Amino acid sequence: FIGTTLDLMLRTLGVNIVVVGGIQTPNCIRTTVFDAMAFNYETILVDDATGAQTKEIHEANVLDMKNIGVKIVHTADVGPWLDSR
């Protein structure tokens with residue numbers, strides 16, 4: 001988000017939910033999630049579609065994200081959860 005036009009593009013498109021997956025939970029994932037929350041997006045982390053060097057590092061970062069209000073889901077739950085919105 002920072003230093004990009006991502007927020008402007010998402011708002012222009014009417015997006016208010018950010019769903020995040022990827023690698024390096026403590027770096028790219030965490031930064032994206034914390035930025036999305038700071039910009040007041042409803043933020044969803046797909047736990048089994050993210051990872052880190054170790055399970056412990058991943059789980060510690062997921063807990064931090066959960067503690068700031070990020071919804072933690074699994075891949076199988078993303079579609080049904082979005083459909084219920």
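No value in this document is a laboratory result; all are computed from the given coordinates. Everything quoted here is computed from the prediction, not taken from an experiment. So basically every Cβ, Gly included, is an ideal-geometry build from the backbone, and we count neighbours across all protein chains shown.
Before moving on, here are some points about what is shown:
- Shape class for segment 1-42: prolate, because the ratio a/c of the largest to smallest gyration tensor axis (alpha-carbon atoms, square roots of eigenvalues) is 1.5 or more and a/b beats b/c.
- Karplus 3J(HN,Hα) series, Hz, for segment 43-59 with 6.51 cos²θ - 1.76 cosθ + 1.60 (x for Gly, Pro): 10, 10, 9, 8, 4, 7, 10, 9, x, 9, 4, 10, 4, 5, 4, 4, 5
- If you run the Gaussian network model on the chain, springs between alpha carbon atoms under 10 Å, then out of Thr32, Thr12, Thr54 the most flexible one is Thr12.
- In the elastic network of the chain, a GNM with C-alpha springs shorter than 10 Å, the most mobile of Gly21, Gly51, Gly69 is Gly69.
- Simple point charges give the picture: +1 on the Cβ of Lys and Arg, -1 on the Cβ of Asp and Glu, and for the chain a dipole about the Cα centre of about 160 debye.
- The chain, Rg to Rh (Cα coordinates; Rh as Kirkwood inverse mean 1/r): 0.96
- Table column - 3J(HN,Hα) (Hz), segment 73-85, Karplus curve with 6.51, -1.76, 1.60, x for Gly and Pro: 10, 10, 3, 5, 8, 5, x, x, 5, 5, 4, 7, 7
- Taking amide H as placed 1.01 Å from N in the peptide plane, Val18 has its amide H under 5 Å from the amide H of Glu42, Thr43, Ile44, each at least 5 places away in sequence or on another chain.
- Rel. contact order, % - alpha carbon contacts under 8 angstrom, at least six apart, the chain: 29
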